[in-house]
Each structure stands twice: as C-alpha cells, then as structure tokens.
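Q: Dropping a structure here in structure tokens format, bear with me for questions.
We did not get these values from a lab; they are worked out from the coordinates using the rules stated. These numbers were taken from a predicted model, which means no experiment stands behind them. Cβ placement follows ideal geometry from the backbone for every residue including glycine, while neighbour counts extend to all protein chains displayed.
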Amino acid sequence: MVEGLFTTADVNQDGHFGADDVEAIFEQCDINHDSAVSKSEFERCFSEDAPDMMMVADGFFLDLDMDKNGVLEQGDTQLYYDKIDQNGI
C-alpha cells in the first residue's frame with residue numbers, strides 16, 4: 001500500500017518525491033480549479049484508480065493540511081514539503 005501511495009505521489013515518475021510532485025498533486029486534485037483542494041477532491045483524486053487507497057488518502061490529506069483548516073491551499077503544500085525535506089534539495 002505504501003508503494004502504491006509513493007507511485008501515485010511521484011507524479012513525474014523520477015523515483016523521488018519532491019516539491020514539484022507536491023505541487024503537481026495539488027494541481028491534479030484541484031478538480032474545480034478554485035485554488036483549494038477539499039478532502040473530497042483529494043480522496044477522489046487518490047482513490048480513483050485504487051479504491052483501497054481511501055484510508056491512506058485520508059491520512060495523507062490530514063498530514064498535508066498544515067494549517068488544519070480542512071482544505072489544502074498552496075501554502076500547505078510548501079510547508080509540507082519543507083517539513084519532510086531531509087536533504088534540503
């Protein structure tokens with residue numbers, strides 16, 4: 001299941017999860033193009049091809065929602081990447 005999440009999250013398929021992947025996830029999941037990703041948009045985006053990913057998607061959404069306001073915004077994606085970036089690249 002973790003490998004499935006990584007494969008889904010590694011949008012550019014370069015074998016690394018980077019800032020560009022976080023941004024691409026945001027853009028792909030912003031289905032209504034309102035510059036915010038609701039939990040339902042995120043769940044639909046992540047579990048569309050793999051229904052068993054719903055629980056993982058829920059947890060990932062909660063982790064990405066850095067300000068805990070229930071929606072993902074551009075600032076959340078950068079803060080999340082800064083939090084997980086181990087090598088500063």
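Q: Between GLN78 and ARG44, what length comes free when the chain is fully extended (0.36 nm per residue of separation minus the Cα-Cα distance, one decimal in nm)?
A: Answer, rounded to one decimal: 10.1 nm.
Q: What is the distance in Å between the Cα centres of region 66-89 and region 19-63?
A: About 14 Å separates the Cα centre of region 66-89 from the one of region 19-63.
Q: Test of understanding: what is the full-extension gain from ASP52 to VAL71, defined as 0.36 nm times their sequence separation minus their Cα-Cα distance?
A: Full extension of this stretch gives 4.6 nm more.
Q: For Cα pairs less than 8 Å apart in space and 6+ apart in sequence, what is the mean separation divided by the residue count of region 8-89, i.e. the relative contact order in percent?
A: Details: 82 pairs, mean separation 21.9, N = 82.
Relative contact order here is 27 percent.
Q: Same structure, new question: If you take the beta carbon distance between GLN86 and ILE31 as r and set R0 to 25 Å, what does 1/(1 + (r/R0)^6) give as a FRET efficiency, to the nearest 0.05?
A: After rounding to 0.05, the efficiency reads 0.20.
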